[in-house]
Amino acid sequence: MTMTETNSTSLHITPCEGLRGELGPAGNDTTVALPGDKSLSHRAALLAAMAEGESAIDNFLTAGVTQAMLNALTELGVKWQLQGQRLTVTGLGLQPGQAQKQPTIDCGNSATTLRLLAGALSAWNLSSQLDGSPGLRRRPMWRIVEPLQRMGVAIQAQDGCAPLTIEAGKRPLRAINYSLPVASAQVKSCLLLAGLAADGVTTLREPAPSRDHTERMLRLMGVEVRSDGRGVTRISPPERALQALRMSLAGDMSAAAFLIVAALITPGSQLLLRQVGLNPGRTGLLEVLQRMGGQIDITHTSDQSGEPVGDILVQSSDLQGVQVAGEVVVRMIDEFPIFAVAAAYAQGETRVSDAAELKLKESDRIVQLCTELTGLGVPIQPTGDGFIVQGGRPVIGGRGRSHGDHRLAMALVVAGLASQKPVVVEDAQIISESFPGFHKVLSALGAEISLESGK
Ligand code: S3P
């Protein structure tokens, strides 16, 4: 879905009698398809473009935000091909030479595309302008511009936001020792990519460790990246070209999260999700749901192309309210919309704090989440850095809308699976940014969802 498409889709969800089935990577006839990981897909496409030779990436996520990355790579002259879920990319290497001035690159709705590309363009030493949808223009970019400027990159923002302009300049870049004001895998990854072209070891310190997908993938490609597991990451500029990737991506934990909570709150449910990514920077929701009494069993754990994966068996459960604060917040940062739905169906109070970053996501996920769930009859109050839910009262149902936020839309859909009356989610087309066919997946598992399109 791009910013020019105006078709509006509403989803009508009728409370259902349980979700049952098995999900796994696309292409297996016996399971319902669970999308490949969004974070890994962005990184694999971009790092393959920075490698030398041909990369092949299986279980790639084909969705709005990853298409934004592929379109950007096309603008930069990168050759790639998608066949089903297999992406092949012919890399430019680390020194593609001074290309002619690039046109503005449209990053669509994808902050990951914009922030990671800023790092890659810095390493490649290419001049360009990075821009995107009105929603993307509202996202904070000063957090990458300031440290990139310290490294010697000629990069400018407009009032701290996109469009960003980057001018080619002197290389190598300065290696920096930098403390990130907020834990952010996007900022860290941007700076790691710029660090590939630095004159020494770049050291990055986060207040709490965020997902380390970029680090793991760079190691697969032969780059020395060290992490202390407590938020300090060091990258040494490589002496050789990055090796091309041959990998299969894990299933997306942040997509699985909606199905896991759907099964927990809908009586009579049992779902098995196979080969889901279990990167410790992404498993915060599972830990918190287990603390709430959620019956979630993890089996068949293994390593898949440098990332931990496993199978997740989940059954409907009686949940209890919980407190969420501190380091776990960053490890479930994308999961708060669906977590709030779990809290609404849990007995007692749930309190989230230390989560002010939620205001800076695809929507203000404190204000809009509280507004929309209140509209469905959930007693939820915003706070300065989170929210408080009085759970266990019946969720009534009604109308909600996405506010241009794919995860808010999916959370509202799930809320309607166990509510007293139906739920209608307006502007739900935005879901295709990260999980195309979400309603079809739920329907295949037993949900009753119908779709209405209009202009
Ligand atoms: C992402 C990191 C997180 C997350 C986003 C994907 C990534 O953003 O919210 O959906 O792929 O690195 P921040 O780094 O802004 O926390």
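Given R0 = 35 Å, the distance between the Cβ atoms of Leu451 and Arg226 translates into a calculated FRET efficiency of 0.15. Projecting the Cα positions of Ile105, Met151, His406 onto the charge dipole of the chain (unit charges on Cβ atoms of Lys, Arg, Asp and Glu, taken about the Cα centre) puts Met151 furthest along the positive direction. Relative protection proxy for 357-366, 291-300, from highest mean packing down: 357-366, 291-300 (other beta-carbon atoms within 10 angstrom). For the pair Val367 and His300, the difference between a 0.36 nm per residue extended length and the Cα-Cα distance amounts to 20.2 nm.
The slack between Glu349 and Asp318, meaning 0.36 nm per residue of separation minus the straight C-alpha distance, is 9.8 nm. The loop-placed GluC sites (Glu not before Pro) in segment 162-241, going by DSSP, that have at most 10 neighbouring Cβ atoms within 10 Å of their Cβ come out as Glu239. Only Lys, Arg, Asp and Glu carry charge here, each on its Cβ (+1 for the first two, -1 for the last two); on that basis segment 38-248 has a dipole of about 340 debye about its Cα centre.
Remark: for residue pairs Lys79/Lys361; Lys188/Lys361; Lys38/Lys79; Lys38/Lys188, the C-alpha separation exceeds 22 Å in Lys79/Lys361. Under the simplified labelling scheme, the Trp142-Val201 pair shows an inter-label distance of 3.2 nm, with each label point 7 Å from Cα along Cα→Cβ.
Segment Gln381..Lys421, full-extension length gain: 12.2 nm, with 0.36 nm per residue of separation and the alpha-carbon distance subtracted. With charges only on Cβ, +1 for K and R and -1 for D and E, what is the dipole size of the chain about its Cα centre, in debye, rounded to 20? Value, rounded to 20: 780 debye. Each listed q (0.10 Å⁻¹) maps to a log10 I(q)/I(0) for the chain from the Debye sum over equal C-alpha point scatterers, namely -0.68.
Rg/Rh for segment 292-364 stands at 1.02; both radii use Cα atoms, and Rh follows the Kirkwood definition.
Peptides 42-51, 56-65 ordered by packing proxy, namely the average of other Cβ atoms within 10 Å per residue, highest first: 42-51, 56-65. A simple charge model with +1 on the Cβ of Lys and Arg, -1 on the Cβ of Asp and Glu and nothing else charged puts the dipole of segment 332-455 at about 340 debye relative to its Cα centre.
Where in segment 106-147 does the label zone of Lys359 land, with the point 7 angstrom along Cα→C-beta and an amide N cut-off under 17 Å? It comes to 138-143, nothing else. According to the square roots a ≥ b ≥ c of the eigenvalues of the Cα gyration tensor, what is the shape class of segment 81-126, taking rounded for a/c under 1.5, prolate for a/b larger than b/c otherwise, and oblate for the remainder? In terms of gyration-tensor shape, oblate. When both bridge partners sit in the chain, DSSP labels roughly 70% of those beta bridges antiparallel.
In this simple spin-label model, placing a label point 7 Å from the Cα along the Cα-to-Cβ direction at both Gln81 and Thr30 gives a separation of 3.2 nm. Residues whose amide H comes within less than 5 Å of that of Gly251, counting only those at least five positions distant or on another chain, are Val276, Gly277 (H built at 1.01 Å from N in the peptide plane). Karplus-based coupling profile of segment 186-201, in residue order and whole Hz: 5, 5, 4, 5, 4, 6, 5, 5, 4, x, 4, 10, 8, 8, x, 7, with θ = phi - 60° in 6.51 cos²θ - 1.76 cosθ + 1.60 and x standing for Gly or Pro. Under conditions of 20 °C and 1.002 mPa s, segment 38-248 yields 128 µm² s⁻¹ as its translational diffusion coefficient, taking Rh as the Kirkwood radius over Cα pairs in the Stokes-Einstein equation.
Here the calculated FRET efficiency for Arg399 and Glu52, from their Cβ-Cβ distance with R0 = 45 Å, stands at 0.30, rounded to the nearest 0.05. Dipole of the chain (Lys/Arg Cβ +1, Asp/Glu Cβ -1, origin at the Cα centre): which of Val223, Ala262, His42 lies farthest to the positive side? Highest projection toward the positive end goes to Val223.
Values quoted throughout were computed directly from the atomic coordinates according to the rules given, and no laboratory measurement underlies them. Remember, it's a predicted structure, so these values are computed and weren't measured experimentally. Reconstructed Cβ throughout: ideal geometry from the backbone, glycine too, with neighbour counts over all protein chains shown.
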